[in-house]
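J.: Sharing a structure below in structure tokens format, with a few things to ask.
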Amino acid sequence: METVKVDLGERSYPIYIGADLLGETALIRRHIDGNQVAVITNEIVAPLYLEALRASLGGLSVDVFTLPDGEQHKNLQSFGSIMDFLIARRHNRTTTLIALGGGVVGDICGFVAATFQRGVNFLQVPTTLLAQVDSSVGGKTAVNHPQGKNLIGAFYQPQCVLADTSVLSSLGKREFSAGLAEVAKYGVIADAEFFAWIADAADRLIARDDQALSYAVRRSCEIKADVVARDERESGVRAILNFGHTFGHALESLTGYQALLHGEAVAIGMVMAADLSARVGWLSLDAAQRIKQLVARLGLPVCPPALSNADMLQAMGMDKKVLDGKLRLVLATRIGEVVIADDFAASELDATLSAGNSLCDG
């Protein structure tokens, strides 16, 4: 087992990374203070891993709430149902919530934890690659609104993140590749050597080689933990973690959160962000091409669905990176370095949005 620390003073917490951690009773129990536990999971994950988690919670009072699977259920209705569940079972301020699932489960469980009884402890037990390297780390919790992704939420840190790499073996090929999109993102935004390693190790990652996968999870968590420690509430540098996300969130919203997995939308968004970065002259054409080639090599889509520029601009305008009515995007200056920019020409953004299927070429 390896441990990465998210250093936030009194809100600091560990990310545990390793195989078979769900069975480490002492590791889990050290982060639970009271006797009440509520596990929030979903209908896909529960049959696979709920009993293993229950075994590590022996002797505690455990309730389980099971969500339907899918991003479309990360909404206020589900949030309210979990609140009703906790109240009906008389949970109190000493309860601990445990998010057992992917990003949807982690985001909504964290938001419930932030607001139930004005805040209770929670643990993240991410079961997808994307959640292990990204959404479970950093304290962003939220639900979606029909007008935009993650528009309703809070910054609220977990007590720990338990990234059991053994559970990744049960992921479908598409879900697993979606997680690799976020891994690639970390190379683009912060570590050129990691980007090169991902390119060299792509076949091993796709084959789920244990050693390669453990390193990818650890390095991704190290990069995110460092950024979050410097800017917990995204007032500055933390926004670099959103490379590709403003485009990607718009794609998710416009396709009803069902046509694309989050990682797939981010993958397309990264290709679009790299394209715009090259159009404004900040990123070389060769580097933009390398980003697109890596995305494709990881089994991810590189071109967007057919959507109008007007609809994309409207959806992007609802993104949380908009400041004082001005759209800000994370753009690359080279592989390993990005900037937060709002000084690109509207015509350049329009050209990227108009590129459409031409982004599939090459």
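The values are calculated or read from the model by the stated rules, or taken from the named source; none is laboratory data. Just so it is clear, the model here is predicted, and its values are computed rather than measured. Cβ coordinates were reconstructed from backbone atoms using ideal geometry, including for glycine residues, and neighbour counts include every protein chain displayed.
J.: Quick one: is residue 250 part of a helix (DSSP H, G or I), touching a Gly at 6+ places or on another chain (Cβ under 7 Å) and of a type in the set (Gly, Ala, Ser)?
T.: Judged against the criteria, residue 250 is not a match.
J.: Residue 144 - would you say it is touching a helix residue (DSSP H, G or I) at 6+ places or on another chain (Cβ under 9 Å), modelled with pLDDT under 95 and not in a helix (DSSP H, G or I)?
T.: Taking the combined requirement at face value, the residue satisfies it.
J.: Right, next: Looking only at residues that are part of a strand (DSSP E or B) and of a type in the set (Val, Ile, Thr) in region 94-106, which one is farthest from the chain's Cα centre (by Cα)?
T.: Ranking the qualifying residues of region 94-106, first place goes to 96.
J.: Shifting gears a bit: Could you check region 332-347 and list, in sequence order, the residues that are within 15 Å of residue 271 (Cα to Cα) and either among the hydroxyl-bearing types (Ser, Thr, Tyr) or in a helix (DSSP H, G or I) (or both)?
T.: 333
J.: A further question on this structure: In the set 113, 88, which member is closer than 27 Å to residue 147 by Cβ, among the aliphatic types (A, V, I, L, M) and without any contact (Cβ under 8 Å) to a residue 60 or more places away in the chain? Before you say what the answer is, go through the steps one by one.
T.: Numbers: 88 fails: closer than 27 Å to residue 147 by Cβ.
One residue alone meets the criteria, 113.
J.: Scanning for something among the charged types (D, E, K, R) and not in a helix (DSSP H, G or I), does region 110-121 turn up at least one residue?
T.: No, region 110-121 has no match at all.
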